[in-house]
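Right, one structure below, let's go through it.
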Amino acid sequence: MDTIVRFFQEGGPFMYPIAVVLVIGLAITLERFVYLASMRHRNKVAFELGILPLLRKGDYQRAMKAASNSDSAIAAIMGAGLGRLLNNSRREDIEYAMEEGLMEVLPRLEKRTQYLATLANVATLLGLLGTIIGLIAAFTAVAAADPSQKASLLSESISVAMNTTAFGLMSAIPLLMFHAVLQTKTNEIVDSFEMAGVKLLNMIADQKQPAVA
């Protein structure tokens with residue numbers, strides 16, 4: 001712990017804005033993980049336990065009612081398609097309605113996730129800026145120092161200046177990894193929406209086919 005505190009203190013004033021960027025990024029990461037996990041669970045319950053069994057029975061009225069009574073994202077998308085279906089719309093119209101519902105839901109899934117990549121870049125750049133300013137100050141101080149002390153003073157100053165770059169990278173790398181993981185989880189949820197839509201369309205097509213004698 002003492003090593004971490006000393007490392008932070010020796011890095012100079014730019015360590016503090018980098019720390020703020022890291023804290024903001026971790027807060028966004030935690031909020032997004034909780035939100036996506038909650039949405040995934042609610043979608044699974046609403047579709048697999050509520051809407052899907054009714055679709056398999058061909059009971060579109062009750063399926064529409066179940067979708068209307070649910071506050072999950074997948075229920076909104078299914079509800080848009082079922083609303084067109086109950087109005088005897090064409091398959092294309094049902095697809096367009098569900099695509100429109102997906103477009104309305106997508107911003108909520110991706111909300112604030114893109115900030116993580118930006119914050120990672122900001123942390124890296126702040127680290128580099130702190131190092132450059134530290135090196136400028138180091139060379140300025142060395143220029144006025146005693147010749148016998150220049151080498152040791154320069155190496156010590158450079159070591160301190162490099163701390164900001166190291167801390168910037170230590171902050172940026174986890175944020176980029178969290179961004180990639182959240183993007184993957186978001187894509188998985190979107191894929192589940194699209195799969196649910198395909199299941200609805202296939203069930204409609206199967207139930208409309210005439211029975212083979």
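The values are calculated or read from the model by the stated rules, or taken from the named source; none is laboratory data. Being a predicted model, the structure only gives us computed values, none of them experimental. Positions of Cβ are generated from backbone atoms using ideal geometry, with glycine treated the same way; all protein chains shown enter the neighbour counts. Accessible surface is based on the protein model in full, side chains and every heavy atom, while ligands, DNA and RNA are left aside. Shrake-Rupley method; radii C 1.70, N 1.55, O 1.52, S 1.80 Å.
Could you check region 81-128 and list, in sequence order, the residues that are among the β-branched types (Val, Ile, Thr) and under 22 Å from the mean Cα position of the chain (by Cα)? Break it down into steps so the answer makes sense when it comes.
Initially, region 81-128 is screened for residues among the β-branched types (Val, Ile, Thr), giving 94, 105, 113, 118, 122, 124.
The answer is VAL105, THR113, THR118, VAL122, THR124.
Would you list the helices (runs of 4 or more DSSP H) that sit entirely within region 29-135 and hold 3 or more residues that are under 20 Å from ASN187 (Cβ atoms)?
Passing ranges, in order: 73-86, 91-110.
Output the residues belonging to region 37-63 that are over 17 Å from ALA75 (Cβ atoms) and within 18 Å of the chain's Cα centre (by Cα).
Of everything in region 37-63, just one residue is over 17 Å from ALA75 (Cβ atoms) and within 18 Å of the chain's Cα centre (by Cα), namely ALA37.
Give region 88-106 a look and list any residue that's open to solvent by less than 80 Å² (accessible area, probe 1.4 Å) and under 30 Å from LEU176 (Cα atoms), or say none.
GLY101, LEU102, VAL105, LEU106
Whether any residue in region 145-165 is part of a loop (DSSP other than H, G, I, E, B) and over 30 Å from ARG32 (Cβ atoms) is what I want to check.
So far as region 145-165 goes, yes, one or more of its residues are part of a loop (DSSP other than H, G, I, E, B) and over 30 Å from ARG32 (Cβ atoms).
Within region 45-63, can you find the residues that are open to solvent by 50 Å² or more (accessible area, probe 1.4 Å) and free of Cβ contacts under 8 Å to residues at least 40 places away in the same chain?
Result: VAL45, GLU48, LEU49, LYS57, GLN61, ARG62.
Going residue by residue through region 113-135, is there one that turns out to be over 24 Å from PRO13 (Cα atoms) and surrounded by 14 or more Cβ atoms within 10 Å (Cβ to Cβ)?
yes
Does ILE18 satisfy the condition of being in contact (Cβ under 8 Å) with a residue 12 or more places away in the chain, surrounded by 20 or more Cβ atoms within 10 Å (Cβ to Cβ) and either under 18 Å from GLU194 (Cα atoms) or touching a strand residue (DSSP E or B) at 6+ places or on another chain (Cβ under 6 Å) (or both)?
No: the conditions fail for ILE18.
Within region 1-15, which residues are free of Cβ contacts under 8 Å to residues at least 40 places away in the same chain and assigned to a helix (DSSP H, G or I)?
ASP2, THR3, ILE4, VAL5, ARG6, GLN9
List every residue pair whose Cβ atoms lie under 8 Å apart, where the two residues are 6 or more positions apart in sequence or sit on different chains, the first residue falls within region 75-86 and is touching a residue at least 40 places away in the same chain (Cβ under 8 Å), and the second residue, located anywhere, is among the β-branched types (Val, Ile, Thr) and buried (at least 21 other Cβ atoms within 10 Å of the Cβ).
These pairs meet every condition: MET78/ILE51; GLY81/ILE94; LEU85/ILE94.
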